[in-house]
Amino acid sequence: MAIIHKANLSPTKLEIIADYLPTQPWFIQDGTPELIGAYRFDDPAGEVGLETHVVAAGERIYQVPLSYRGHELGGAEEWLIGTMDHSVLGKRWVYDACADPVYVSALATAILTGQQEAEQFVEVDGKLEPRPGTAAVKGSGTPDGVIPPLEPQPPVTAGGVTVIDAGALRLEIARRVAPARHPGQLTLDGTWAGREVPVRLASAERLP
């Protein structure tokens, strides 16, 4: 369950993403970035916000996983995208989530156990009210899927795909979203408004 605070953000998420994308080699500048969907995973400890944005720019669709932290993530300076002032939570450090071990664990769990995105709730007058999501995802695994011990290495991106070697598991995250080409793998597939047929967003491979 993800609890969303009604808050003012400075800069906004779109402003952070719009500044970040042109610095990435997998982004092709073709139109102004537009947020068309987002989904969240839970951090079991409730400390790290995990939100992945689906972004349109021209005819292309991109996936931008972000993690929001109340403190700096040690050793991750290279992956810091920026900071924002949150009117409820205070200063937040925004990272490329592919370098955040909490995101890596959440993504692996979703893929291997068939989980969906986190349910979202907004606190209004002390009560939690459901907030409709703007993107839906589901892993292709099963509830009895085994999560191996994870030892995430720094992410490596090439050709629009980010690869994370995490010990006995290798994760691939699509930066440029395209129709799936290799059915049958352990995957995370998603839909959003205008995309009714699920598209592959990430995959996992068990390693020897």
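The values are calculated or read from the model by the stated rules, or taken from the named source; none is laboratory data. What you are looking at is a predicted structure, and each value in this text was computed from that prediction instead of being measured. When we count neighbours, we look across all protein chains shown, and the Cβ atoms used for this are built from the backbone with ideal geometry, even at glycine.
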Quiz item: Residues that are in contact with a strand residue (DSSP E or B) (Cβ under 6 Å, 6 or more places away or on another chain): which strands (runs of 3 or more DSSP E) entirely in region 115-208 hold 3 or more of them?
Solution: 120-124, 127-131, 135-139, 161-165, 169-174, 186-192, 195-206
Practice problem: Please tell me if Leu66 is surrounded by 14 or more Cβ atoms within 10 Å (Cβ to Cβ) and under 18 Å from the mean Cα position of the chain (by Cα). | Solution: yes
Quiz item: So, of the residues in region 181-194 that are more than 15 Å from Leu171 (Cα to Cα) and at pLDDT 90 or above, which turns out to be surrounded by the fewest Cβ atoms within 10 Å (Cβ to Cβ)?
Solution: Ala193
Quiz item: If you go through region 120-128 one residue at a time, do you hit one that is under 20 Å from the mean Cα position of the chain (by Cα) and surrounded by 15 or more Cβ atoms within 10 Å (Cβ to Cβ)?
Solution: yes
Quiz item: Is it true that some residue in region 168-175 is under 19 Å from Val102 (Cβ atoms) and modelled with pLDDT under 95?
Solution: yes
Quiz prompt | Unmet requirement for Val54, which otherwise passes all of (1) aliphatic (A, V, I, L, M); (2) buried (at least 19 other Cβ atoms within 10 Å of the Cβ); (3) touching a helix residue (DSSP H, G or I) at 6+ places or on another chain (Cβ under 7 Å) | solution = (3)
Exercise. Mind listing just one residue for me: the one in region 136-167 that is under 14 Å from Gln63 (Cα atoms) and not β-branched (Val, Ile, Thr) and, of those, modelled with the highest pLDDT?
Key: Ala136
Quiz item: Which of the residues spanning region 15-42 are under 23 Å from Ala106 (Cα atoms) and without any contact (Cβ under 8 Å) to a residue 24 or more places away in the chain?
Solution: Leu35
Practice problem: Could you tell me whether Thr109 is without any contact (Cβ under 8 Å) to a residue 24 or more places away in the chain and not in a loop (DSSP other than H, G, I, E, B)? | Solution: no
Quiz item: Checking Pro143 against (1) more than 20 Å from Leu207 (Cβ to Cβ); (2) under 18 Å from the mean Cα position of the chain (by Cα); (3) not small (Gly, Ala, Ser), which test does it fail?
Solution: (2)
Self-check item: Lone unmet requirement of (1) free of Cβ contacts under 8 Å to residues at least 60 places away in the same chain; (2) in contact with a strand residue (DSSP E or B) (Cβ under 8 Å, 6 or more places away or on another chain) for Ala99
Solution: (2)
Practice problem: Under 7 Å between Cβ atoms, at least 6 apart or on separate chains: pull out the pairs that start in region 142-158 with a residue that is over 12 Å from Ser105 (Cα atoms) and free of Cβ contacts under 8 Å to residues at least 40 places away in the same chain and end on any residue that is surrounded by 13 or more Cβ atoms within 10 Å (Cβ to Cβ) and of a type in the set (Asp, Glu). | Solution: Gln153/Asp165
Quiz item: within 18 Å of Ala202 (Cα to Cα), modelled with pLDDT of 90 or more and either in contact with a helix residue (DSSP H, G or I) (Cβ under 8 Å, 6 or more places away or on another chain) or crowded, with 18+ Cβ neighbours inside 10 Å (or both) - does that describe any residue in region 70-82?
Solution: no
